[in-house]
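Some notes on the structure that comes next.
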Amino acid sequence: MRELKALLSRLDAVEQDLQREKNRQEKAFATHTPTTVLTSIEQMIKHLETERASLEKLIEDQLHSHKNLKENKALLESIPGVGKIISQRMLMLLGTHQFKDAHQCAAYLGLVPVQKESGSSIKSRSQLAKNGNKPIRAKLYMAAITATRYNPDIKAQYERLQNKGKRKMRL
């Protein structure tokens, strides 16, 4: 699990670097940037893409070399809306932390609603705690958006909550 966690952490860092280089490239195309700088940026992007592919292969090899992880990954990916990225992150999370139940896991990730109160005079709408692992929470958000389109159970719940007047970002 430590190796998987380290590989996923490194993959996230490489993906961030890759996005920064692509942003630099976009800015360089919009301005009068010397050809040598453009070439350097392109070489760095190619290198980072190669490194990302290598890390993805190592992660897959790590997951396939352990029967339990391989089976759990297949179970997670059988859920509509859950793909490779979420299954890898959830396997890492559930393998490195011991949770008593799903509510405890949701609380760790910062996905439980928190009512904001100050005495009896100030009350506001509840919002997510957001005190957990931000990168995993962001990936779960994207998986939830996908699930509202492709998972019939989640789609029905989403539509039911929308019909009750819930705003899209609150669902």
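Read-outs throughout are calculated quantities, based only on the coordinates presented, and are distinct from any laboratory measurement. Worth saying up front: this structure is predicted, and the values here are computed from it rather than measured. Cβ: placed from backbone, ideal geometry, glycine included. Neighbour counts: every protein chain shown.
So the values come out like this:
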item	result
CD proxy at 222 nm, helix term only [per DSSP H run n ≥ 4: -39500 (n - 2.57); per residue of the chain; nearest 500]	-23500 deg cm²/dmol
Shape call, the chain: gyration tensor on alpha carbons, a/c limit 1.5	oblate
Size of the stretch 17-111 as Cα extents on the principal axes (Å, biggest first)	57, 31, 24
Sequence ranges 82-94, 35-47, ranked by mean other-Cβ count within 10 angstrom, highest first	82-94, 35-47
Distance between modelled label sites at A30 and K164, nm, 7 Å Cα→Cβ extension	4.2
Difference of contour (0.36 nm per residue) and Cα-Cα distance, D153 to A102	16.5 nm
Pairwise Lys count, the stretch 1-86 - Cα closer than 23 Å, eight or more residues apart or different chains	17
Residue of K27, K70, K130 that the Gaussian network model of the chain assigns the largest fluctuation, springs spanning Cα pairs under 10 Å	K27
Counted charge near D153, where neighbours are those whose Cβ lies closer than 12 Å (Asp, Glu -1; Lys, Arg +1)	+1
